[in-house]
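Here the structure comes first, spelled out in structure tokens, and everything after it is commentary.
The values are calculated or read from the model by the stated rules, or taken from the named source; none is laboratory data. The structure presented is a predicted model; accordingly, all values stated were derived computationally and were not measured. Every residue, glycine as well, gets a Cβ built from its backbone with ideal geometry; the counts of neighbours run over all protein chains shown. Side chains included, ligands, DNA and RNA excluded: accessible areas come from the protein's heavy atoms. Shrake-Rupley method; radii C 1.70, N 1.55, O 1.52, S 1.80 Å.
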Amino acid sequence: MKPLIIIIGILLIGCNSKETEPTSQKTVEEIIEKKDNSNKEVEFQNGDLIFHTSRSNQSQAIQIATNSKYSHMGIIYKEDDGFFVCEAVQPVKITELNEWKNRGENGRYVVKRLKNSDKILTEEGIEKMKIKEKKYLGKDYDLRFEWSDDKIYCSELVWKIYKEAFNIEIGKLERLGGFDLSDKTVQTKVKERYGDKIPKDELVITPDRMFNAENLMTIKEK
């Protein structure tokens, strides 16, 4: 009996080894990507908002001035070949989700969702968002954070898409002069952008105000 058990064990080990042994590095990567996408489908939905701490040279100034941990954000969309983020960088564009997450500090991010998303973010609703999004794609990033559509920054893009598509405001608009501009890091950036004429009455929406909006709920934090 024991020799038979040993033979069966050897055969099983041999079969398992053959099945798990990759034929190439590409095959392994494809398997990992497939599993990763499967998890994402459960976690994320069209219209979700994603936040992270950017590693750009202006990120620290934004965090200090707005007293925020997060300095960049975008909107998640699902397409046939995966998940993507509509974001305002230079220029406004669509970025593959994994690429977007990897740009954040330590790969950390938070995903939030509109609380009544089941009623708002229907197929028709998402199409409305994409129509509004199209007019911003390709536009330059707004280094001066002005409330116009000529150029646009990250939280402004997301805020305006929701406002224009559904008349929903996510986060409270503020005035530039209401932020903490006393820190030297902030002052350096302000000087670069505005010189001695700071437009303190300019309307601004920040990632922090959107992150803490009452009409959002947290879906995932990593």
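In segment 209-222, which residue that is part of a loop (DSSP other than H, G, I, E, B) and in contact (Cβ under 8 Å) with a residue 40 or more places away in the chain is least open to solvent (accessible area, probe 1.4 Å)? Give the steps one after another, and end with the answer.
We begin by selecting, within segment 209-222, every residue part of a loop (DSSP other than H, G, I, E, B); these are 212-215, 222.
Next, from what is left, pick out any that are in contact (Cβ under 8 Å) with a residue 40 or more places away in the chain: 212-213, 215, 222.
Working: Asn212: 97, Ala213: 13, Asn215: 47, Lys222: 117 Å².
The extreme case among them is Ala213.
Name every residue in segment 158-170 that is under 18 Å from Ser71 (Cβ atoms) and in a loop (DSSP other than H, G, I, E, B), in order of residue number.
Let us first name the residues in segment 158-170 that are under 18 Å from Ser71 (Cβ atoms), namely 158-159, 170.
Listed by number, the list holds a single entry, Ile170.
With the structure loaded, tell me whether Asp140 is farther than 18 Å from Asp201 by Cα and at pLDDT below 95 or whether it fails that test. Explain how you work it out, then say what you get.
Working: farther than 18 Å from Asp201 by Cα: yes; at pLDDT below 95: no.
Considered against the rule, which asks whether it is farther than 18 Å from Asp201 by Cα and at pLDDT below 95, Asp140 comes out as no.
Could you list, ordered by first residue, the pairs with Cβ atoms under 6 Å in which the first is in segment 134-162 and free of Cβ contacts under 8 Å to residues at least 60 places away in the same chain and the second is open to solvent by less than 60 Å² (accessible area, probe 1.4 Å) and among the small types (Gly, Ala, Ser), at least 6 apart or interchain?
So the pair list comes out as Tyr141/Ala88.
Tally up the residues in segment 140-153 that are open to solvent by 70 Å² or more (accessible area, probe 1.4 Å) and aromatic (Phe, Trp, Tyr), please.
0
Any idea which residue in segment 143-196 is farthest from Tyr77 (Cα to Cα), counting only those that are among the hydroxyl-bearing types (Ser, Thr, Tyr) and within 21 Å of the chain's Cα centre (by Cα)? Step through it out loud before you land on a result.
Residues of segment 143-196 among the hydroxyl-bearing types (Ser, Thr, Tyr): 148, 153, 155, 162, 182, 185, 188, 194.
Among the residues that remain, those that are also within 21 Å of the chain's Cα centre (by Cα) are: 153, 155, 162.
Details: Tyr153: 19, Ser155: 16, Tyr162: 14 Å.
For segment 143-196, the residue satisfying everything is Tyr153.
Taking only segment 171-194 into account, find how many residues are in a loop (DSSP other than H, G, I, E, B) and closer than 15 Å to Ser68 by Cβ. Walk me through it before giving the result.
Here is the first cut: in segment 171-194, the residues in a loop (DSSP other than H, G, I, E, B) are 171-173, 179-183.
This time we only want the ones that are closer than 15 Å to Ser68 by Cβ, so: 171-172, 179-181, 183.
Selection size over segment 171-194: 6.
Would it be correct to say that Gly171 is in contact with a Lys or Arg (Cβ under 9 Å, 6 or more places away or on another chain) and exposed (fewer than 14 other Cβ atoms within 10 Å of the Cβ)?
Details: in contact with a Lys or Arg (Cβ under 9 Å, 6 or more places away or on another chain): yes; exposed (fewer than 14 other Cβ atoms within 10 Å of the Cβ): no.
So Gly171 does not fit the description; no.
List the number of the failed condition for Leu137; all other conditions in (1) open to solvent by 70 Å² or more (accessible area, probe 1.4 Å); (2) within 30 Å of Glu192 (Cβ to Cβ); (3) over 11 Å from the mean Cα position of the chain (by Cα); (4) not acidic (Asp, Glu) hold.
(1)
Look at Lys130 and say whether it is of a type outside the set (S, T, N, Q) and open to solvent by 60 Å² or more (accessible area, probe 1.4 Å).
Values: of a type outside the set (S, T, N, Q): yes; open to solvent by 60 Å² or more (accessible area, probe 1.4 Å): no.
The answer is no for Lys130.
Can you pull out every residue in segment 41-67 that is on the phi > 0 side of the Ramachandran plot and either within 14 Å of the chain's Cα centre (by Cα) or modelled with pLDDT of 75 or more (or both)?
Keep residues of segment 41-67 that are on the phi > 0 side of the Ramachandran plot, which gives 47, 67.
Result: Gly47, single match.
Out of (1) surrounded by 12 or more Cβ atoms within 10 Å (Cβ to Cβ); (2) more than 16 Å from the chain's Cα centre (by Cα), what's the single condition that is false for Thr206?
(2)
Do the conditions hold for Leu97, that is, is it surrounded by 20 or more Cβ atoms within 10 Å (Cβ to Cβ), touching a residue at least 40 places away in the same chain (Cβ under 8 Å) and out of contact with any Asp or Glu (no Cβ under 9 Å at 6 or more places or on another chain)? Working first, answer last.
Working: surrounded by 20 or more Cβ atoms within 10 Å (Cβ to Cβ): yes; touching a residue at least 40 places away in the same chain (Cβ under 8 Å): yes; out of contact with any Asp or Glu (no Cβ under 9 Å at 6 or more places or on another chain): yes.
Yes.
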